[in-house]
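First up is the structure itself, then whatever we jot down about it.
The values are calculated or read from the model by the stated rules, or taken from the named source; none is laboratory data. All values derive from a computational prediction rather than experimental measurement. Glycine gets a Cβ as well: all are built from the backbone with ideal geometry, and neighbour counts include every protein chain shown.
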Amino acid sequence: MNSNHVLAAALAAFSCAASAQSLKPGLWEINQKMDMAGAQDPRMAQMQQQMANMPPEQRKMMEAAMAQQGVKMGPAGPGGGMIIQMCMTKEMAERNDVPAQRGDCKTTQQSRTGNTMKMAFTCSNPPSSGEGQVTFASAEAYTMKMVITTQAQGKPEKMNMDASGKWLKSDCGSVKPMLPAK
């Protein structure tokens with residue numbers, strides 16, 4: 001399973017649980033970092049290196065294809081990881097979604113104290129499960145910590161994910177909203 005699928009599953013599970021906090025519609029920047037057993041996910045580093053080594057025309061085509069799915073990727077954030085820009089529509093905000101919806105996931109436990117929400121989730125596509133905590137700073141910012149268990153080449157794999165989201169502006173510009181998984 002690649003890092004994008006795991007990130008998508010975690011964000012999809014988070015979107016199911018985000019109903020306790022309304023986030024602002026518009027352009028969001030998500031800074032996420034994953035590690036496996038204390039090391040940065042080598043597949044993430046490899047993907048970033050492959051993107052950097054692409055000829056400009058090929059990289060532009062890849063970025064355009066990703067933009068059609070509502071994702072604009074930036075350079076690695078501090079300490080590795082990835083910065084992703086995503087668009088949250090007014091309808092997504094009214095449904096209390098986060099600016100990502102991928103995977104077939106459901107929240108299995110959820111509790112909230114103040115601005116902190118704890119949850120657990122399971123996903124059938126991609127197959128994974130996990131638990132985490134989201135801290136809402138405001139309608140324009142949140143942080144998230146997740147521990148995710150998944151399968152890679154038939155073996156169980158545990159990943160830690162730290163992410164932060166911040167609202168940038170109401171106009172998403174060229175970044176299109178993510179399409180729901182089918």
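Just the residues that are at pLDDT 70 or above and among the hydrophobic types (A, V, I, L, M, F, W, C), please, taken from the range 74-118.
Of everything in the range 74-118, those that are at pLDDT 70 or above and among the hydrophobic types (A, V, I, L, M, F, W, C) turn out to be Met82, Ile83, Ile84, Met86, Cys87, Met88, Met92, Ala93, Cys105, Met117.
Restricting to the range 30-57, and then to whatever is under 18 Å from the mean Cα position of the chain (by Cα), of a type in the set (A, V, I, L, M) and at pLDDT below 65, can you tell me which residue is surrounded by the fewest Cβ atoms within 10 Å (Cβ to Cβ)?
Among those residues, the one meeting the criterion is Ala45.
Could you check how many residues of the range 111-140 are under 24 Å from Ser22 (Cβ atoms), touching a residue at least 24 places away in the same chain (Cβ under 8 Å) and surrounded by fewer than 16 Cβ atoms within 10 Å (Cβ to Cβ)?
Total meeting the criteria: 4.
For the range 118-136, give me each residue that is among the charged types (D, E, K, R) and under 15 Å from the mean Cα position of the chain (by Cα). I'd like the intermediate steps shown before the answer.
Start the filter on the range 118-136 by keeping residues that are among the charged types (D, E, K, R), which leaves 118, 131.
The answer is Glu131, and nothing else.
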